[in-house]
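Below: the structure, in structure tokens.
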């Protein structure tokens, strides 16, 4: 009995001492041997494509084995995993300069807050490196697919750059909306629809020109428009439609365009012959809003075709049918002013209607199309739309590479090493 009591007392004392020392016995910087070895393995293979500007600091660690340096690398690696290796502020300056050169471009970065104290607290608490990194792992499923090819080490040369940059861009896509969603991949000129994570259909698209780029961002599809009108944006009116009218007086009539004081189709039309159109091409009107709005009426020749799929956003970009079907026969398809033209819009519309995504069934949709009048049909539940830029894309058939249409692989700068790591 006495021995049992002494054994129990000794065990209790050891537990108390362990409690005073903290739950994790590491070195002065909080690193246990197992954590250090685990992270060294991650860094050696760059398992998450996040070593980037930390490589010189990593080389310094290999020379010194100073875990204070390893702590700095862990914080930086976590930051790179969460928010990519792209130098976002530097890129935003490049983007601004491009706009000054009349290149319409936009790239959205969805970043996370990374707390150094939180990361190091997790380290000291004894968490495995994988556990520490897990909250910052991109939710985008394409990230995981691309990462498996990156880890294999089988890709080299220019394609390795495409793979690496695509991984970095995958990190800064939205973390929401990856179960049932549309994915438009600009360099591939393709849209895919995933339902509960499974690919349901995919087909070609036409995207924005190099100077009128389709913006890279995420939004939610909320409704579709049948027999749409085309509200011509002021910049397109100045660049194309007004000059066309000045060259040919019947241009608006042939294109079924009406002139209004605003974009309300019910407002009183203006006779285009009474307007001095040349005036609105002068420099003083370059940045002013035009007092007249051009609207193309529904019909077979409408630039938006028979249907457009709306995911409201500040760029006024959407997916739509087109009367220029011949463009889908080309391998290079960057011809629009930013919107996404669909090769199979009716198939997409029918799928959404027959699978319960729209507020009307397919027969009702068909009847509304026949009227040749504008109708809006809401979605029962919004569907996320992700417009992405993957020059490397992985699917069930393998890893594929595409042209750097907008030059993002080349112009997106990566973070530079600090002086400390040199």
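The values are calculated or read from the model by the stated rules, or taken from the named source; none is laboratory data. These figures come from a predicted structure and were not determined experimentally. In this analysis, Cβ positions are derived from the backbone assuming ideal geometry, glycine residues included, and neighbour counts consider all displayed protein chains.
Things to note:
- Scanning the range 318-329 for residues that are surrounded by fewer than 21 Cβ atoms within 10 Å (Cβ to Cβ) and either in a strand (DSSP E or B) or touching a strand residue (DSSP E or B) at 6+ places or on another chain (Cβ under 9 Å) (or both) yields a count of 3.
- Residue among 282, 336 that is surrounded by fewer than 14 Cβ atoms within 10 Å (Cβ to Cβ) and more than 24 Å from residue 180 (Cβ to Cβ): 282
- Matching residues, the range 290-311, being touching a helix residue (DSSP H, G or I) at 6+ places or on another chain (Cβ under 6 Å) and either surrounded by fewer than 10 Cβ atoms within 10 Å (Cβ to Cβ) or not in a loop (DSSP other than H, G, I, E, B) (or both): 294, 307
- Evaluation of residue 314 against the conditions (1) more than 25 Å from the chain's Cα centre (by Cα); (2) exposed (fewer than 12 other Cβ atoms within 10 Å of the Cβ) shows that the sole unmet condition is (1).
- Listed by first and then second residue, the pairs linking a residue in the range 39-58 that is over 25 Å from residue 126 (Cβ atoms) to a residue that is part of a helix (DSSP H, G or I), with Cβ atoms under 7 Å apart and 6 or more places separating them unless they lie on different chains, are 49/147; 49/150; 49/164; 49/167; 52/80; 56/421.
- Helices (runs of 4 or more DSSP H) contained in the range 51-111 and holding at least 1 residues within 29 Å of residue 139 (Cβ to Cβ) and within 22 Å of the chain's Cα centre (by Cα): 67-83, 88-100
- Single residue of 203, 194 found to be out of contact with any helix residue (DSSP H, G or I) (no Cβ under 7 Å at 6 or more places or on another chain), free of Cβ contacts under 8 Å to residues at least 60 places away in the same chain and not in a loop (DSSP other than H, G, I, E, B): 194
- Of all residues making up the range 372-384, the number that are closer than 23 Å to residue 296 by Cβ and either part of a strand (DSSP E or B) or at pLDDT 95 or above (or both): 3
- Test: residue in the range 385-394 that is over 30 Å from residue 97 (Cα atoms), out of contact with any strand residue (DSSP E or B) (no Cβ under 6 Å at 6 or more places or on another chain) and at pLDDT 95 or above: yes
- Test: residue in the range 361-369 that is in contact (Cβ under 8 Å) with a residue 24 or more places away in the chain and closer than 16 Å to residue 210 by Cα: no
- Qualifying positions in the range 213-264 - without any contact (Cβ under 8 Å) to a residue 60 or more places away in the chain and assigned to a loop (DSSP other than H, G, I, E, B): 248, 249, 250, 255, 256, 261, 262, 263, 264
- When 410, 314, 368 are checked against the criterion of being under 25 Å from residue 139 (Cα atoms) and not in a strand (DSSP E or B), a single residue qualifies: 314.
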